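First comes the structure, then the notes that go with it.
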Amino acid sequence: QVQVVESGGGLVQIGGSLRLSCAVSGSIFSIESMGWYRQAPGKERELVAALTSAGGRTKYADSVKDRFNISGDNAKSTVHLQMNSLKPEDTALYYCKSLLRTKSSGPVYQYWGQGTQVTVSS
């Protein structure tokens, strides 16, 4: 069993900051990557930021570049998303996704968290 748990969402004013955290636990052999996605009402889920374990490569949606920063702690199987200069269009349910192996040389599975709400208001 693998659990993915997000935390840190909430209500913030325009221009404010929030820090989301995601922790993965359970029967994990190795984590390939972790990322944050978001889904606003009536819209499709989209990638916000992702971080690979090997090499620490990052990827960001154009809409959040220079405002959001993803970081991770491999030893603790956690990833964080620092969100600055928040805008109303950042309002969404934010999900954490982890790509991982549960055993050596096994397939890569994806696991999702339940999501944490971020609301940016004036």
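The values are calculated or read from the model by the stated rules, or taken from the named source; none is laboratory data. These numbers come from a predicted model, not from an experiment. All Cβ positions, even for glycine, are placed from backbone atoms using ideal geometry, and neighbour counts span all protein chains on display. For the accessible areas, the whole protein counts, side chains as well, though only heavy atoms, and no ligand, DNA or RNA atoms are used. Shrake-Rupley method; radii C 1.70, N 1.55, O 1.52, S 1.80 Å.
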If we count every other residue with Cβ under 14 angstrom of residue 113's Cβ, Lys/Arg +1 and Asp/Glu -1, where does the sum land?
+2
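All other residues with a Cβ under 15 Å from the Cβ of residue 48 taken together, and with Lys, Arg as +1 and Asp, Glu as -1, what is their net charge?
In short, +2.
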How many nm is it between the label spots at residue 54 and residue 101, if each spot is 7 Å from the Cα in line with the beta carbon?
0.8 nm
Accessible area expressed per residue, the chain, with surrounding protein chains retained (probe 1.4 Å, Å²):
55 Å²
How many lysine pairs does segment 14-122 hold where the Cα atoms are under 30 Å apart and the two sit 8 or more places apart or on different chains?
14
Please work out the C-alpha center-to-center distance from segment 1-41 to segment 57-111 and express it in whole Å.
7 Å
Residue by residue through segment 86-92, the couplings from Karplus 6.51 cos²θ - 1.76 cosθ + 1.60 with θ = phi - 60°, in Hz, x for Gly and Pro, are 5, 10, x, 6, 7, 4, 4
Ranking 68, 29 from most to least accessible area with a 1.4 Å probe gives 29, 68
Residue 89/residue 1 FRET efficiency (R0 35 Å; Cβ-Cβ; nearest 0.05):
0.45
In nanometres, the difference between 0.36 nm per residue of separation and the alpha-carbon distance of residue 121 and residue 13 is 38.4 nm
Percent of accessible area on the chain owned by carbon and sulfur, 1.4 Å probe?
47 percent
Compute a Gaussian network model of the chain, connecting alpha carbons closer than 10 Å, and tell me which residue from 71, 105, 33 fluctuates the most.
105
Measuring from label point to label point, each 7 Å out along Cα→Cβ, what is the residue 66 to residue 43 span in nm?
1.9 nm
